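Derivation of every value follows stated rules applied to the coordinates shown; laboratory data play no part. Because the structure is predicted, anything quoted here is derived from the model rather than measured. Note: ideal-geometry Cβ built from the backbone for every residue, glycine included; neighbour counts use all protein chains shown.
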Ligand SMILES: *Cc1c(COP(=O)(O)O)cnc(C)c1O
């Protein structure tokens, strides 16, 4: 135990994942661990394996790994590709850069479309690269749907159209780790071959589950792929999953939580979940503008509904400001990652969030800006309150 006195009230975990876990999910996971090869587990396994498809909007298999999102990235690459394969990746920010570094370590040849980290993936640039690739050396196009380091959401429907317009046969792989269940996403309709997900962001669960939603084309590619794999091999998963089981011990209690999360998302309605995130994001952006601070994502077209990254005035360090907010108001804000460390902070507004959570978070930010002496205008919280008031809805409306 630390010697620090107890802090009353609840901590505000306003980072873009992990997100606060609702009490209902905590209670659902508070269960004895069961035999993962027994009949009771089979019912749970079948329930989550079919339920999760409704969240990815797919009728194809979704594999569930006891892993972080990074594990699910690796699973996507090693199951579909062979050493030496070229993959086209788009530098939306820190997470896209990490995925690219992983591809290199796995013996793939990533081509990176560079960007300044302040917008989403440009589908026209992807199309141009694919048209140049007459020999079809590119085996996969990999895009991060919601770049969590910058708060930019790419248009996956446009990326799909780019592949189609170039008549290019590459697989399309998408990271939805910080957008699934908070921003509209359609695996089947958008013709995505592998969608990568994680448990600890929009799904409102603790960390520990990674997902791969796969298309028939991706499954076919996996038969020929020669990258070494064992733990992440889809074929072992596929045969065990048919009966609701897993090839090794699954994260049983997280699966109880997953079943509850899926029920909760459908009780609210996915369309309402997405509208709630859009509305909270707009309220946050109005606060940022009222503070006269700058939203890091430059193009409104790519604004993220799950988080907003905010540029600190150059005279101030974003991490020092975040420390002030944590010490005084017990709110955790997201840090700037790698090349934008100290320059931006991020407000997470995804997961189990309501209007008052958002207002309290913004109040914490506004008070901390004042305490830290960061130049800003007041009235950010008021701007968000005005927006939430004029757009107020009763649940179910
Ligand atoms: C959080 C995140 C990751 C990494 O997930 P881990 O669970 O930390 O491995 C990858 N991509 C995106 C877009 C993320 O938001």
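Based only on other Cβ atoms within 10 Å, what is the fewest-to-most ordering of 141, 381?
381, 141
Hey, could you get me the Stokes-Einstein D for region 116-239, Kirkwood radius over alpha-carbon pairs, 4 °C and 1.567 mPa s, rounded to whole µm² s⁻¹?
D = 83 µm²/s.
Let me have the relative contact order for region 23-266, percent, based on Cα pairs under 8 Å that are six or more residues apart.
31
Run the simple label-point estimate for residue 379 and residue 292 please: 7 Å along Cα→C-beta, distance reported in nm.
Inter-label distance under the simple model: 1.1 nm.
Mind computing the radius of gyration and Dmax over the alpha-carbon atoms of region 290-397? Å is fine for both.
14.0, 45
Tell me the mean residue ellipticity at 222 nm calculated for the chain from its helices only (DSSP H runs of n ≥ 4, each -39500 (n - 2.57), averaged over every residue, nearest 500).
Roughly -13000 deg cm²/dmol at 222 nm, from the helical runs in the chain.
Work the Kirkwood hydrodynamic radius out for region 2-114: mean of 1/r over every pair of different alpha-carbon atoms, inverted, in Å.
18.3 Å is the Kirkwood radius here.
Could you work out which residue, out of 33, 288, 331, moves most in a Gaussian network model of the chain, that is, has the largest mean-square fluctuation with Cα springs under 10 Å?
Taking springs between Cα atoms under 10 Å, the residue moving most is 33.
Kindly state, to the nearest 0.05, the FRET efficiency for residue 3 paired with residue 249, given R0 = 51 Å and r defined as their beta-carbon distance.
Between residue 3 and residue 249 the formula returns 0.85.
Sorting 272, 27 on the 10 Å Cβ count, fewest up front, what's the list?
Ascending Cβ contact count within 10 Å gives the list 27, 272.
Could you tell me the relative contact order of region 139-276? Use alpha-carbon pairs under 8 Å, at least six residues apart, and round to a whole percent.
Dividing the mean separation by the residue count of region 139-276 yields 19 percent.
Please check: in the Gaussian network model of the chain (C-alpha springs, under 10 Å), which one of 70, 176, 148 has the largest mean-square fluctuation.
Residue with maximal mean-square fluctuation among 70, 176, 148: 70.
For residue 341 and residue 167, what is the calculated FRET efficiency with R₀ set at 35 Å and r taken between the beta-carbons, to the nearest 0.05?
For residue 341 and residue 167, the calculated efficiency is 0.25.
Give the order of 366, 282 when sorted by the count of other beta carbons within 10 angstrom, beginning with the fewest.
With the fewest neighbours first, 366, 282 line up as 282, 366.
For region 1-70 and region 181-220, what is the centre-to-centre distance using only Cα atoms, to the nearest Å?
Cα centroid to Cα centroid, the span is 15 Å.
Give the separation of the Cα centroids, region 123-160 to region 322-397, in Å.
About 31 Å separates the Cα centre of region 123-160 from the one of region 322-397.
Regarding region 69-137, what are the three Cα extents along the principal axes, ordered largest first, in Å?
Computed over the Cα atoms, the extents are 31, 28, 14 Å.
Assuming a viscosity of 1.567 mPa s and a temperature of 4 °C, what translational diffusion coefficient in µm² per second does Stokes-Einstein assign to region 23-266, Rh being the Kirkwood radius over Cα pairs?
Rounded, D is 72 µm²/s.
Each label point is 7 Å from the Cα along the Cα-to-Cβ direction; what then is the distance between the points at residue 240 and residue 31, in nm?
1.8
Highest GNM mean-square fluctuation, the chain, Cα pairs closer than 10 Å: which of 307, 258, 46?
Among 307, 258, 46, the largest mean-square fluctuation in the Gaussian network model of the chain belongs to 46.
Return the percentage of antiparallel bridges among DSSP beta bridges fully within the chain, rounded to the nearest 5 %.
Antiparallel bridges make up about 50 percent of those DSSP assigns within the chain.
What is the distance, in nm, between label points placed 7 Å from the Cα along the Cα-to-Cβ direction at residue 231 and at residue 278?
4.0
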